[in-house]
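Below: one structure, written as structure tokens.
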Amino acid sequence: MDDPPFADAAERIQFSQAVSYLESGTPELIPKERVEVYVASGLMRRDGDVLHVTDAGQRQHEIAKGERFSDG
């Protein structure tokens with residue numbers, strides 16, 4: 001994945017929030033249409049009914065965390 005998968009920082013931050021939902025055990029809070037986009041773009045993968053963040057998704061999440069908390 002050479003090109004950034006997001007049009008802007010706001011989209012990356014939205015993805016980061018979805019990752020936070022996964023990490024907190026509340027994946028049902030992620031809109032289903034966004035899950036499909038994230039899986040199709042390789043940021044998340046399904047293992048049966050369970051979602052996982054891919055390595056590429058984790059990198060984007062780390063970038064977004066910096067963006068989320070750098071605006072003060």
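How many of the residues making up the range 17-48 are in a helix (DSSP H, G or I), closer than 15 Å to H61 by Cβ and either open to solvent by 100 Å² or more (accessible area, probe 1.4 Å) or not hydrophobic (A, V, I, L, M, F, W, C) (or both)?
Total satisfying the criteria: 7.
Give me the residue from the range 49-72 that is of a type in the set (G, A, S) and open to solvent by 60 Å² or more (accessible area, probe 1.4 Å) and, out of that set, modelled with the lowest pLDDT.
Pass one, the range 49-72, residues of a type in the set (G, A, S): 56-57, 64, 66, 70, 72.
Those left that are additionally open to solvent by 60 Å² or more (accessible area, probe 1.4 Å): 70, 72.
Values: S70: 60, G72: 49.
If we take residues in the range 49-72 being of a type in the set (G, A, S) and open to solvent by 60 Å² or more (accessible area, probe 1.4 Å), then G72 is modelled with the lowest pLDDT.
What pairs come up if the first residue lies in the range 21-43 and is in contact (Cβ under 8 Å) with a residue 40 or more places away in the chain and small (G, A, S), the second is surrounded by 10 or more Cβ atoms within 10 Å (Cβ to Cβ) and assigned to a helix (DSSP H, G or I), and their beta carbons are under 7 Å apart, counting only those six or more places apart or on different chains?
Note: pairs meeting the criteria are G42/A56.
Need the failing condition index for F6 against (1) among the aromatic types (F, W, Y); (2) modelled with pLDDT under 95; (3) in a helix (DSSP H, G or I), just the number.
Failing condition for F6: (3).
The values are calculated or read from the model by the stated rules, or taken from the named source; none is laboratory data. Remember, it's a predicted structure, so these values are computed and weren't measured experimentally. Ideal geometry is used to build each Cβ from the backbone, glycine not excepted, and the neighbour counts take in all protein chains shown. To get the accessible areas, we keep the full protein, side chains included, count just its heavy atoms, and leave off ligands, DNA and RNA. Shrake-Rupley method; radii C 1.70, N 1.55, O 1.52, S 1.80 Å.
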